[in-house]
Each structure stands twice: as structure tokens, then as C-alpha cells.
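Where a number appears in this text, it was derived from the coordinates with a stated rule and is not lab data. In this text the structure is predicted, and so the values were computed from the model without any measurement. In this analysis, Cβ positions are derived from the backbone assuming ideal geometry, glycine residues included, and neighbour counts consider all displayed protein chains.
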């Protein structure tokens, strides 16, 4: 049997379809590893459609990837980390899904010489031994209790709910036009003794200046 040959003109529908980018949902259901690498490289990625509200994993994966990336752009004061190779400890409250995804990301991805440990904490934790605390929307009421010990111990506070910067968060994740973005409070960072990279600030959705 001879293979049939089909000539396709430059304006044919078949060729136009081949050139057309795949729909957004295909990206959301593609390789998780490739998707996370895209998020980490671009700093902002489309928030994929979530057809089943009971399974919001794609957005959790993106948020976890952002938290991991933030670790490379924060400078803690001397003494906040026990040594040049001690772990960076991320405490998570009110966001079990983000914690699970973050554990998967950091399993084989240290930050320089520092491995990253992820642990669940409760809303009354005093944050001893914690370097980053992620406060999910379901624990928003705990933020006011966590801010004082976080500032005392130079803990980076990351949140994902409205008005969090006004209540002491340093970095807050937001969804704008189907994209996960982040906003930063330099005032909160300075009060915790943290320095944020100018590269981080340059890609933030908005930056609240220090007073």
C-alpha cells in the first residue's frame, strides 16, 4: 500500500489549526513537573481552571511553587538560621494542600546549602525554630496572633487572602485576571528584620513602601 500524500497550502484550515496554540486547559492538565518549572521560571503563571471545587490542587501547586521560589529572594538577619547549612523551616497553618505540594517540591530541591523542612503548625504556635509561616485563608483570623512572634523571630509571613498586608503579612498571594500574583509590604519586612531582593520586588503586583 502506498502512503497518500496531502499537499497543504499555507492558508489551509489544517495548517492554521496546527499553528494555533493549545487551549489553556491543556496546560493545566499537562506534566506537573513542566508546569511547576514554568511557574518558577516566569514568577507568574495562569491560574488553571478548577472544574471540581472539591479538588483545587492546581492552584495549591502554584502557590506552593511561589513559596519555594520566595526562599531564594529573602535575606534573614544573622542568627536567624543556626548555620550556613541548617534547614529553612516553613510552618503552614490553614492550608494543608499547599503544605503537601510544598513538601513534594522541596523533597529534592534545597536552597543553596539549606534543605527545606515543611511542617504543619497550629494557630497559636509561637514559631520557635520557624523561618517562614504560610497562613491560608481558612486561618486568616490567626494572623494577628502570629504577627508579634513572627516579627520577634524574623519569620517571613506569606498569606493568600485579601487585606493581609494591612494586618502584618510580608508577602500576600492574590489571583488577578486568572493569574496568581503577589504583593509585598516592605514595612512588614523591615519590622521583621528581613531584606527582600530587588528582583523579587520588580515582579510584584504591588509594593507597599516602608514608612
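To make sure I understand, if each residue's beta carbon is the centre and we count other beta carbons within 10 Å, what order do 68, 134, 73 fall in, fewest to most?
By the 10 Å Cβ count, ascending: 73, 68, 134.
Roughly speaking, what is the stretch gain from residue 197 to residue 75, that is 0.36 nm per residue apart minus the C-alpha to C-alpha distance, in nm to one decimal?
So the chain would gain 43.1 nm between residue 197 and residue 75.
Treating segment 77-166 as a set of equal point scatterers at the Cα positions, no solvent, please give the Debye-formula log₁₀ I(q)/I(0) at q = 0.25 Å⁻¹.
-1.30
At 0.36 nm per residue, and after removing the present C-alpha to C-alpha distance, how many nm does the segment from residue 117 to residue 176 gain when stretched out fully?
Contour length minus Cα-Cα distance gives 18.3 nm.
So if R0 is 22 Å, what FRET efficiency would residue 205 and residue 163 give, r being the distance between their Cβ atoms, rounded to the nearest 0.05?
For R0 = 22 Å, the calculated efficiency reads 0.90.
How do 105, 157, 88, 111 rank when sorted from fewest to most other Cβ atoms within 10 Å of their own Cβ? All intermediate terms of the calculation are to be shown ahead of the outcome.
On the way: 105 18, 157 27, 88 22, 111 15.
The order, fewest Cβ neighbours first, is 111, 105, 88, 157.
Take every DSSP beta bridge whose two residues both sit in segment 58-211, then give the antiparallel share in percent to the nearest 5.
35
If neighbour count is taken as other Cβ atoms inside 10 Å, put 61, 183, 75 in order from fewest to most.
Sorted ascending by nearby Cβ count, the order is 75, 183, 61.
So between residue 107 and residue 145, what do we pick up on full extension, going 0.36 nm a residue minus the alpha carbon distance?
Stretched out fully, the residue 107 to residue 145 stretch lengthens by 10.7 nm.
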